[in-house]
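A.B. asks: Before we start, here is the structure in question, set down as structure tokens.
The values are calculated or read from the model by the stated rules, or taken from the named source; none is laboratory data. Model, not experiment: these values are computed from the prediction. Note: ideal-geometry Cβ built from the backbone for every residue, glycine included; neighbour counts use all protein chains shown. Each accessible area value is taken on the protein alone, full model and side chains, heavy atoms only, with ligands, DNA and RNA left out. Shrake-Rupley method; radii C 1.70, N 1.55, O 1.52, S 1.80 Å.
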Amino acid sequence: MNLLTRTRAVLSACLLAPLLLTGCSVLDDGDGGGTGGAHAGTAGAGSGDGAEASTPYDVTPLLKPTRKYFGAAVEGAPHSMKGVDTYTGMVGKQPNLIEYYAGWGDGFDATGVRNAWAEGALTLMSWEPFDTPLADIAAGKSDTYLKKYAEAVRKLNLPVVISFADEFNGHWEKWGTTHTTAGDYVAAWRHIHDAFVDAGASNVIWAWSPNIVNPVTEVELKPYYPGDGYVDWIGLIGYWTIEEDNAFDSVFGATRDQVRTFTDKPMLLLETAAMAGERRRADIRNLFEGVTADDDMLGFVWFNHKKRADWRLEASPLALKEFKRLAADDRFGFDVRKP
């Protein structure tokens, strides 16, 4: 989000104890209370009884921190952190960015965001409009849901990353090139963003997330870009597969170069992994080296799921050992409560 849209000044930093609330993802005001840790340059969070936060959380220190995000997408997280704890034990480091997937129409998982925050991790939600046309969202047909969602995020008053309708430049998604236009995509994105601004939910980091252009070279990205005032991060989605060369630039270079023709926003590998096999160790080395070498690359999220292929690190013990060795680098990972 453009900093000019973060209109409320940060007045003070507060330290509040985490609210250990449980329950399913909801939109009602009762799940809106949140907590803020002691942070330089951040605001206090709202109280659990539904009282308004005096100052919205300032996400500025999280937009481009000095160290890299070390992220993971694991089963059940962040609503349950058991999978994250197992992943931490496996790789030797606590992830500080937890990605999960939510359908348009689902409730906001405030409990999950609190769970991740209590362990020093930021939550990244991939918001997927499977059954709602983007043109309808842009036209305001989901506004009752959208406004209630934005209010729930504001009341929680903890930082959240939202990636809406990712891989939009692919034909395989219901919101992709076969089903919608660039104009409808941009209009929907701006409409959603503006609803959050109107609700005062400036605690959101907005990640615009194309699939790497390698399989869809004919689709230009610029027409789908909502504009710098609507985007904080560029979230690249791409995987190492055995069919392609495994140099970092071979996987991400063409997309990065195209994006750089219209924005200089920092980039995150929002979803990545390497196919299991003999080459996986080399792919993992290229991942860490490529992210380390680029100052504008914020970090990565490893997709530790078995879907279409087995992307789980535990599927390749030797590659897991290499991942663990490289993850020990102090440049990766930090407590997001103290950026």
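A.B. asks: Determine how large the accessible area of Phe262 is when every protein chain is in place; take a 1.4 Å probe and give Å² rounded to the nearest 10.
C.D. replies: The accessible area of Phe262 comes to roughly 40 Å².
A.B. asks: At Arg308 and Lys147, where each label point lies 7 Å from the Cα along Cα→Cβ, what is the point-to-point distance in nanometres?
C.D. replies: With each label placed 7 Å out from Cα toward Cβ, I get 3.8 nm.
A.B. asks: Could you work out the relative contact order of segment 119-275? I mean the mean sequence separation of Cα pairs under 8 Å and 6+ apart, divided by the number of residues, in percent.
C.D. replies: That works out to 23 percent.
A.B. asks: Please compute the net charge surrounding Ala309, taking Lys and Arg as +1 and Asp and Glu as -1 over other residues with Cβ under 12 Å from its Cβ.
C.D. replies: That sum, taken over residues with Cβ under 12 Å, equals +3.
A.B. asks: Explain nothing, just the number: relative contact order of segment 270-339, from Cα pairs under 8 Å at least 6 residues apart, as a whole percent.
C.D. replies: 38
A.B. asks: When Lys and Arg each count +1 and Asp and Glu each count -1, what net charge do the other residues less than 10 Å away from Lys265, Cβ to Cβ, add up to?
C.D. replies: Once all neighbours under 10 Å are counted, the net charge is -2.
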